[in-house]
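First the structure, in the form of structure tokens, and then the observations on it.
The values are calculated or read from the model by the stated rules, or taken from the named source; none is laboratory data. What you see is a predicted model; the values in this text were computed from it and never measured. Neighbour counts run over all protein chains shown; Cβ positions are idealised from the backbone, glycine included. Remember, those area values only see protein heavy atoms, side chains included, never the ligands or the DNA or RNA. Shrake-Rupley method; radii C 1.70, N 1.55, O 1.52, S 1.80 Å.
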Amino acid sequence: DERMTEFEIYSYEAYHCHVKNDRRIIEEADISLWNNARMIEYINSIKLDRPNLCAVVSEEDIPEKMGIVKSGHPSLAGLMVFSTCPQVYFPQLCITAVVIPGIVKGDADVDGVRFLNSRKITGAIPEMLDEAERFVVQNTKTAIVVDENGQRCDRTEYPMRAIREAILNALIHRDYSPYSESSPIRLEIYSDRIEVVSKGDIYGAVPVSALGHMEIGKRKAFLVDILEAVHKTENRNSGILTMRTECRKRNLPEPIFYCVHGEFKVIFKNSQPADNIVFDRTMAEKTILDFCELPRSREELAAFTGLNQSYVMTTWIRPLVRDGRLLRTEPQSPKSPFQRFVKA
């Protein structure tokens, strides 16, 4: 019932035609900004893990044989791992990180400041991963706790292993096609949650509910292989399970995953939902209405609030529709699976 976007059509065709954007050669780039130490680490790893290849290929030829470079020009995956600054060629293949003083983008503090901190994180994937993790630690709370052995230690507001996995997944599995070169990964820290948003649907016809429960093909298998060789990922499909496990250990809600309009989003809440539903109703309604400046589905509203979908619809959405402050996009079919709610 909805027209597919140009990007959605491309994604469908790319999956069925096995398009490998991470292997495409970037003709305008060269290896003058190469991280030589990382390349040496990669070659040593290949020599250890693939002795049959190295028996017939010289050390100097490994990068070309492995598809990292061709005639002095790097592949996109090679550029994103080994260049000290891939953004010379792709300025938006980066992370934009912001701290928002509220629960809705556009909220401002008492002085009218909309962003408490804002940073564009650049560099190769390993550097962006480390810098994004530092940004989260620096801009969230840290408590001093005493463990069972009487030792004092720092406890971050969010389980950082889970946050790191989410950022790494975004860097690896985002869409790297020409359609998405102008779309950075977004790392957004709100007062009640962290969101990691990247361009690209789940690879293949796989529902969000299957994440962590079944083997899913990799859009960037070549890129994953390189990062595994330089010890930045395990390539064992354990990222989603790790995020869930780490949140459970901290008695926090499991992360919320959802895909909409060609974007994949992971949301981490910093408290249980029960803690979040005791707030001023007027402020809550304003928050929901601001979120519905664009049409939102039931699933999006549940993910945004971190509450049960039935509870959200009964307690918040239906009263706003009755008052005329929210409109249905399918007024003749209230229960339509394509139903969206938009601010009047």
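Brief remarks follow.
- Each of the peptides 179-189, 319-329 was scored by the mean count of other Cβ atoms within 10 Å over its residues; in descending order, highest first, they stand as 179-189, 319-329.
- Structure note, pairs Lys269/Lys343; Lys20/Lys70; Lys199/Lys335; Lys105/Lys199: Cα-Cα distances above 21 angstrom occur for Lys269/Lys343; Lys199/Lys335.
- Share of pairwise Cα separations in region 76-133, more than 18 Å, in percent: 44 percent
- 25 °C / 0.890 mPa s Stokes-Einstein diffusion coefficient of region 2-100, Kirkwood radius on C-alpha pairs, µm²/s: 156 µm²/s
- Just the protein heavy atoms count here, and of the accessible area of region 73-202 at 1.4 Å, carbon and sulfur take up 48 percent.
- Peptide ranges 4-10, 61-67 listed from the most packed, as the mean C-beta count within 10 angstrom indicates: 61-67, 4-10
- Percent breakdown of C-alpha pair distances by 20 Å bin, ordered from the shortest bin, for the chain: 27, 54, 18, 1
- When each of the peptides 22-31, 160-169, 125-134 is scored by how many other beta carbons lie within 10 Å of its residues on average, the order from highest to lowest is 160-169, 125-134, 22-31.
- The spread of Cα positions in region 22-170, taken along each principal axis and listed from longest to shortest, comes to 63, 45, 20 Å.
- Averaged over its residues, the chain has an accessible area of 51 Å² per residue, based on protein heavy atoms and a 1.4 Å probe.
- One quarter of the convex hull surface built on the alpha carbon atoms of region 302-344 amounts to 3.0 nm², the projected area averaged over directions.
- Taking a straight Cα-Cα cut-off under 18 Å and skipping sequence neighbours fewer than 8 places away in the same chain, the aspartates and glutamates within cross-link reach of Lys232 are Asp22, Glu41, Asp49, Glu127, Asp130, Glu131, Glu133, Glu165.
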